[in-house]
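Comments concern the structure below.
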Amino acid sequence: MQLFIALVVGAAFGAVLDRIGATNPSVLGRMLALRALGLMKAIILAIGVALLLTFAGQMTGIVDVGHMSVKTAYVGVFLGGMLLGFGWALSGYCPGTGLCALASGRRDALFFVAGGLLGAFAYIQSYDAVKSTGLLEPILGGKVTIGAVPGSKFEGLFPGLPGDIVGIVLGLVFIAVAFVLPEGRAGDRALTVPAE
């Protein structure tokens, strides 16, 4: 049943990404160039709503903090994030949108996905060498949250700061930014999804 739910949610998410233009590299390129910000507004709004619902749900007991997962902070993840951003700007795809674009029939996405798989294979082959550099050693406490979340097994970077309140405040900030962010710069084309 869990696999079925995951497939349904994944398919729905992919359909929404395709519908809002996130599978079109020219739309993503205009967003990254800060020319058409409609897609960025949608992404920021989604993050804000998710933060608000997650942390409000934790505070009310609807969401079990036992399901909370925190990734370890290390220098390599910051370098990897910069590489991901560079690749996203260069190709017009991030991993999720690239897979959705491939599923929607975009042939250029095939090269993106193949390149991503090749890069993953290369990383697996060089993992021991990368690990020996120290880039994968935990920093800033490793698996920590910004503030302490009651009932969570993870420590807060700032223990006196209530993490669930921080999450709600950040969610509200993201939502506010999504509403005040303009659609694009004056004189630039609005966000439209060209027919393929």
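For the chain, what is the accessible area per residue in Å² when the probe is 1.4 Å? Don't skip to the answer; put the middle values down first.
Details: 12660 Å² over 196 residues.
So the chain comes to 65 Å² accessible per residue, rounded to a whole number.
Stretching Leu79 away from Ser126 to a fully extended chain increases their span by 15.4 nm, per 0.36 nm per residue minus the current alpha-carbon distance.
Between Tyr123, Tyr93, Tyr74, the Gaussian network model of the chain with springs among Cα atoms under 10 angstrom shows the greatest mean-square fluctuation at Tyr123.
Leaving ligands, DNA and RNA out of it, report the carbon-plus-sulfur percent of the accessible area of the chain at a 1.4 Å probe. Taking all protein chains in place, the chain shows 73 percent carbon and sulfur surface. Taking label positions 7 Å along the Cα-Cβ direction at both Val177 and Ile139, the computed distance is 2.1 nm, reported to one decimal. Secondary-structure-derived ellipticity at 222 nm for the chain, considering helices only, amounts to -20500 deg cm²/dmol, per-run term -39500 (n - 2.57) for DSSP H runs with n ≥ 4.
Using the Cβ-Cβ distance between Asp64 and Phe111 with R0 set to 41 Å, the FRET efficiency works out to roughly 0.50.
For the chain, lysine pairs with C-alpha atoms less than 19 angstrom apart, excluding pairs fewer than eight positions apart on the same chain, total 5.
Mean Kyte-Doolittle of at least -0.5 and a Cα length of 18 Å or more along the axis: which whole DSSP H helices of the chain meet both? Flagged H segments are 2-19, 38-60, 75-91, 107-132, 163-180.
Dipole of the chain computed with +1 at Lys/Arg Cβ and -1 at Asp/Glu Cβ about the Cα centre; of Ile44, Val177, Ala101, farthest Cα towards the positive end is Ala101.
With 0.36 nm allotted per residue and the present C-alpha distance subtracted, the Lys71-Leu3 stretch has 22.1 nm of extension available.
The values are calculated or read from the model by the stated rules, or taken from the named source; none is laboratory data. The structure presented is a predicted model; accordingly, all values stated were derived computationally and were not measured. FYI the Cβ positions are ideal-geometry reconstructions off the backbone, even for glycines, and counts take in every protein chain you see. Just the protein is used for accessible areas: all its heavy atoms, side chains included, with ligands, DNA and RNA removed. Shrake-Rupley method; radii C 1.70, N 1.55, O 1.52, S 1.80 Å.
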